[in-house]
Amino acid sequence: MNGLPLNGEKTHPLSEHALGVLRRLRDRGPVEAYQINPGVRNRLTRGPEAEWLAAPFRGPGDRQYYCITKAGRAALESSGG
């Protein structure tokens, strides 16, 4: 990933939707990439509130999973979530 936002150059604070995704990652564990909006994935991995993991098993296609990081947990705590 290049470290830039998908549209523009300024990184904005986490949106309520992005915080909701972090809550989901915290509460349910890793989530497949296709279940998360690409813009939110971009923002969370630039943060770095989330990181991607390779699939724990080999199957058709290369699946990616996203999980929350310590920075993501701290962002949730500071937002009251």
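Could you calculate, for the stretch 16-79, the ratio of the Cα radius of gyration to the Kirkwood radius, expressed as Rg to Rh? Provide the component values of the computation, followed by the final result.
Details: Rg = 11.5 Å, Rh = 11.8 Å.
Dividing the radius of gyration by the Kirkwood radius yields 0.98.
Show the residues, 5+ positions off or on another chain, whose built amide H is closer than 5 Å to the amide H of ARG63.
ALA55
Given H placed on each backbone N at 1.01 Å, which residues far from THR69 in sequence or on other chains put an amide H within less than 5 Å of it?
Here the answer is ALA50, GLU51, since their amide H atoms fall under 5 Å of that of THR69.
So what is the relative contact order of the stretch 16-79, in percent, for Cα pairs below 8 Å that sit 6 or more residues apart?
Once divided by the residue count of the stretch 16-79, the mean separation gives 38 percent.
Sorted by mean Cβ packing within 10 Å, highest first, what order do the peptides 65-71, 30-36 take?
Sorting 65-71, 30-36 by mean packing, highest first, produces 65-71, 30-36.
Since every read-out is calculated from the coordinates, none of them should be taken as a lab result. Computed from a prediction, not measured in an experiment: that's the story for all the values here. Virtual Cβ from ideal backbone geometry, glycine too; neighbours counted across all protein chains shown.
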